[in-house]
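A short reminder: the numbers here are calculations on the coordinates, not readings from a lab. The structure displayed is predicted, hence computed values, not measured ones. Please note: Cβ atoms are built from the backbone with ideal geometry, for glycine as well, and neighbour counts cover all protein chains shown.
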Amino acid sequence: MMKSEQGECPLVPMGAVTGKPSRELIRETLAAFREAGFTQYLIYPRSGCELEYMSREWFDTCRCFLEEGKKLSFTSFWLYDEFNWPSGGCNGAVMAAKKEFGAPYLIVLEKDGAYSVRKDYNPERPNVLDPEAVRLFIRLTHERYAEEFGPELGTLIKGIFTDEPSFQYIWGSRGAEEGEKLRIPWYSGLDEEYRTRTGRELVDDILYCLKNNCTRYYEPVLYELLGDRFRRSFFEPIRAWCEAHGILHTGHLMSEVSPASSIRASGKPLDIIDSLSMPGMDEIFTRQYLDDMEWVTLGTVEHGIRTNGNGGLAELFALGPCDMSLERMRKMIRIVSMFGVDHYILAVTQLDVRGNVGKPFYFNPYNRVQPWFSSLRELGADAVHSAGIARKTFAPEIQIRYPGIHAPLNELLKGLTSSQRLWSLISEQETGRAPCVLRFDEDVIREEKSEKYFSTLADLLRWLDSTFPQETRIENPDGSRAGDLFFRTYADSSAEVVNLSREKEPRELYFRRNGQRVRFTLSFNSVFSFPAWRVTPSSPLLKRAEFRNGRFEFTVKEPLDGVSFAFRNYGDKVSLKLDGQTLSSAGESVTLPPGYRELYLESAPQALSAGTHLLELAEEAKDYPYLPSALICGHFAAEGSELRSYAGDGKGLDSYIGILTQETELNVPADAVMIHLETDGLPTELFLNGESMGKRTWSPFAWRIPESLSGRRVSIRIVKETSCGPLFGMEAFRTEEFGHWRQYAPDNENPLPHRISEVHWS
């Protein structure tokens with residue numbers, strides 16, 4: 001199982017098969033998409049298809065798509081498991097086999113103040129809670145595809161798409177019955193399981209709640225049981241079948257937009273989405289403003305993607321409007337990518353418009369009827385970038401437990417997003433690992449670690465600002481936090497910004513990172529990327545051991561290799577112990593800079609286990625500010641007394657001595673003439689596309705941009721010569737022992753922490 005691969009276009013046409021298409025039409029259609037850069041295609045039986053579903057004619061048509069696609073070098077095809085939707089019925093064949101294979105429900109009727117209860121079935125929708133019905137669905141659909149296309153499963157055929165299955169399809173076309181007071185999903189055995197869980201009768205609880213208007217009394221247990229049954233009966237068997245045949249089970253749930261709708265459709269949304277090997281979502285309304293976006297939907301799919309590790313899928317744009325700009329499409333793709341989605345289904349790409357006879361109220365075609373069809377190549381190229389973003393790691397500072405039906409989860413997620421907070425959803429069973437873990441307790445929000453309660457969103461946001469201040473954020477010109485945008489930072493230090501404002505005027509904003517502010521313009525419907533820097537030190541890190549009473553305790557976050565210890569061998573010679581064992585010398589230091597190495601011995605490189613370690617001065621020796629007793633040497637990062645693996649992002653190099661190289665790729669604004677760097681006064685040389693723009697030793701750290709690079713994407717390399725000041729530490733001078741000599745310490749007022757240089761344009 002794999003995510004969207006490099007070189008594969010992550011845009012997937014949802015190819016609605018209409019009429020009785022000829023091989024020539026199929027070839028022309030696929031060739032047009034291939035010419036536009038597409039490499040994947042979803043075969044979609046939908047309204048307007050005049051082929052008998054799952055007939056010989058249908059399979060021959062599917063084979064034609066596969067054969068012609070293979071000739072055109074398509075990498076992947078996707079199957080759809082139903083005619084139209086929702087999945088589970090094989091175009092009514094499942095329901096026709098047995099009355100009980102229709103969607104089951106319990107109905108409560110009232111007449112003259114007396115209640116009656118009946119259990120029945122909706123023959124128009126499938127029973128996804130009945131394992132036997134689902135087995136029949138698999139036989140009629142999945143097994144038939146395997147019979148026809150077995151060798152292509154897991155090779156050319158990448159997966160099968162399931163669309164909006166639910167146990168909530170309990171109303172037929174006739175609507176409500178006379179005197180109907182309540183209708184809920186049901187399955188054989190539900191009454192017994194409810195009794196086992198609660199010690200009460202389900203029907204008794206329902207009638208009590210009808211009389212006393214208190215649905216919360218039975219709903220939590222009811223929908224938990226329904227969700228468990230849904231997962232076991234429908235999703236797990238289909239996923240197992242898919243995995244046995246080497247393909248992905250993908251698709252999306254029904255009504256993910258809120259806990260109320262999602263729980264009533266799926267029972268346990270996070271458990272259900274996790275049951276898909278490639279979790280999916282749909283956003284067919286293209287809501288793109290902070291106040292109306294489907295934050296719960298996005299958070300739900302992110303949970304499934306994080307759990308499964310196979311990437312994710314989004315069905316997008318189906319309801320149009322048909323004049324939607326490619327800029328707006330790009331924006332939507334970028335938003336879902338920031339939640340881990342790396343496959344983008346373009347809904348719908350009809351062969352022709354005859355399907356509109358059955359669905360005449362909306363139309364958003366991704367086919368040759370659009371004059372901009374060829375420009376989908378550019379959208380696909382940007383989607384490759386979005387898919388790369390989807391695969392990045394982000395560390396949420398806030399985790400929220402998925403609540404019950406009545407919790408205002410979307411409002412909470414909207415408020416956190418507006419405050420530029422990084423959040424994710426977790427289930428009740430998961431361990432909360434973020435710094436802040438929130439849950440709904442009735443009408444208030446509780447933070448689990450501090451046990452603080454918040455009755456309003458504003459109170460929560462104020463507490464977050466005071467407890468978890470944001471070092472990286474988007475600001476207005478006056479320094480206040482900008483709103484109406486979606487902002488996310490990643491572990492590699494890159495960041496993405498999406499404008500969610502309804503205001504059409506461009507916004508002049510600032511990106512704060514590394515203690516610096518970078519001005520940028522965020523246009524209406526636009527996205528903005530701040531790249532990650534690859535930061536490469538020219539030599540190992542030297543971390544001074546700052547002894548107190550002859551002891552220096554430090555921690556190692558994860559196991560480290562190749563760590564050595566340099567200790568003074570001149571004047572007050574030093575004998576050093578690590579975790580109680582005397583460190584032996586391998587000879588004169590090879591890691592310290594010239595002028596120091598001659599006075600120090602160095603141990604052989606060794607591995608350090610994760611955990612706490614102790615360095616001790618074995619004999620009385622002074623730790624002079626400019627003649628350290630001992631240093632830890634190696635290719636690691638250090639923050640305070642914690643050592644960890646160096647991630648290549650520049651973090652943890654504050655004590656580095658040597659030459660630092662920063663590299664990335666940037667888009668040069670078309671109107672930019674100069675590039676400016678904040679270098680903390682360090683001598684700096686700038687390279688663009690490998691060519692030196694010259695070295696600057698003092699202000700202004702500015703370089704003229706060659707006209708040939710204006711408006712182009714360029715590689716940028718920044719080479720900085722750091723100071724030796726960090727070798728001497730900062731704490732060593734802060735004792736009374738050194739008195740007025742402290743004035744000669746490294747600049748405590750204006751330290752040089754070797755920050756990553758941010759780029760400014762003018």
Kindly write out, for the stretch 186-198 in residue order, the coupling ³J(HN,Hα) from the Karplus curve 6.51 cos²θ - 1.76 cosθ + 1.60 (θ = phi - 60°), rounded to whole Hz, with x marking Gly and Pro.
8, 8, 4, x, 4, 4, 5, 5, 5, 4, 4, 6, 10
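Test of the criteria: in the stretch 181-217, which trypsin sites (Lys or Arg not before Pro) are in a DSSP loop and have at most 16 other Cβ atoms within 10 angstrom of their Cβ? Could the numbers behind the result be given before it?
Values: sites: K181, R183, R195, R197, R200, K211, R216; in loops: R200.
For trypsin sites (Lys or Arg not before Pro) across the stretch 181-217 that sit outside H, G, I, E and B with at most 16 neighbouring Cβ atoms in 10 Å, the list reads R200.
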Cβ neighbours within 10 Å, averaged per peptide: list 76-88, 711-723 in order, most packed at the top.
76-88, 711-723
Mean-position separation - Cα centroids, the stretch 369-404 and the stretch 285-314, in angstrom
10 Å
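Semi-axes of the equivalent ellipsoid for the stretch 393-458, please: Cα gyration tensor eigenvalues, times 5, square-rooted, ordered largest first, whole Å. All intermediate terms of the calculation are to be shown ahead of the outcome.
Values: eigenvalues 54, 41, 28 Å².
Output for the stretch 393-458: semi-axes of 16, 14, 12 Å.
For Y510, what is the net charge nearby, where nearby means another residue's Cβ is under 11 Å from its Cβ and Lys, Arg count +1, Asp, Glu -1?
Local charge sum for Y510: +3.
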Under 20 Å Cα-Cα from K331, which lysines qualify once same-chain neighbours fewer than 8 residues away are excluded?
K392, K414, K504
If the cut-off is a Cα-Cα distance under 19 Å, which lysines reach K449, setting aside same-chain residues fewer than 8 apart in sequence?
none
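About its Cα centre, what dipole magnitude does the chain give when the only charges are +1 on Lys and Arg Cβ and -1 on Asp and Glu Cβ, stated in debye to the nearest 20? Before the final figure, lay out each step's value.
Values: 88 positive and 109 negative charges, 170 e Å.
Approximately 820 debye in magnitude.
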Cross-link pairs K70/K158; K181/K211; K20/K158; K71/K158 - those with Cα-Cα distance over 20 Å
K20/K158
For L248, what residues show an amide H to amide H distance below 5 Å, using hydrogens built from the backbone and excluding near sequence neighbours?
G159, I160
Roughly what would the spin-label model give for H635 and T393, points 7 Å off Cα along C-beta, in nm?
1.8 nm
Hydrodynamic radius by Kirkwood for the stretch 350-480, inverse mean 1/r across distinct Cα pairs, in Å, is 18.6 Å
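Cβ neighbours within 10 Å, averaged per peptide: list 400-412, 278-290, 463-475 in order, most packed at the top.
On the way: 400-412: 19.1, 278-290: 21.2, 463-475: 14.6.
With the highest mean Cβ count within 10 Å placed first, the list reads 278-290, 400-412, 463-475.
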Give me the Debye-computed log₁₀ of I(q)/I(0) at q = 0.17, 0.27 Å⁻¹ for the stretch 17-92, equal point scatterers on Cα only, no solvent, two decimals.
-0.64, -1.33
For the chain, what is the calculated [θ] at 222 nm in deg cm²/dmol (nearest 500), taking -39500 (n - 2.57) for each run of four or more DSSP H residues and dividing by its residue count?
-6500 deg cm²/dmol
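If the convex hull of the alpha-carbon atoms of the stretch 350-391 is projected onto planes in all directions, what is the mean projected area in square nanometres?
Numbers: hull surface 16.5 nm².
About 4.1 nm², averaged over all directions.
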K557: which aspartates and glutamates have alpha carbons under 16 Å from its alpha carbon, excluding same-chain residues fewer than 8 sequence positions away?
E639, E642
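Output the Kirkwood hydrodynamic radius of the chain, Cα pairs only, in Å rounded to one decimal.
Answer for the chain: a Kirkwood hydrodynamic radius of 29.9 Å.
Could you give the semi-axes, largest first, of the ellipsoid that matches the stretch 536-654, computed as the square roots of 5 times the alpha carbon gyration tensor eigenvalues and rounded to whole Å? Walk me through the numbers on the way to the answer.
Details: eigenvalues 91, 53, 34 Å².
In descending order, the three semi-axes are 21, 16, 13 Å.
Once you list every other residue whose beta carbon is under 14 Å from the beta carbon of G246, what net charge do they have if Lys and Arg are +1 and Asp and Glu are -1?
Numbers: positive: K158, R239; negative: E152, E243.
My count for the surroundings of G246 gives 0.
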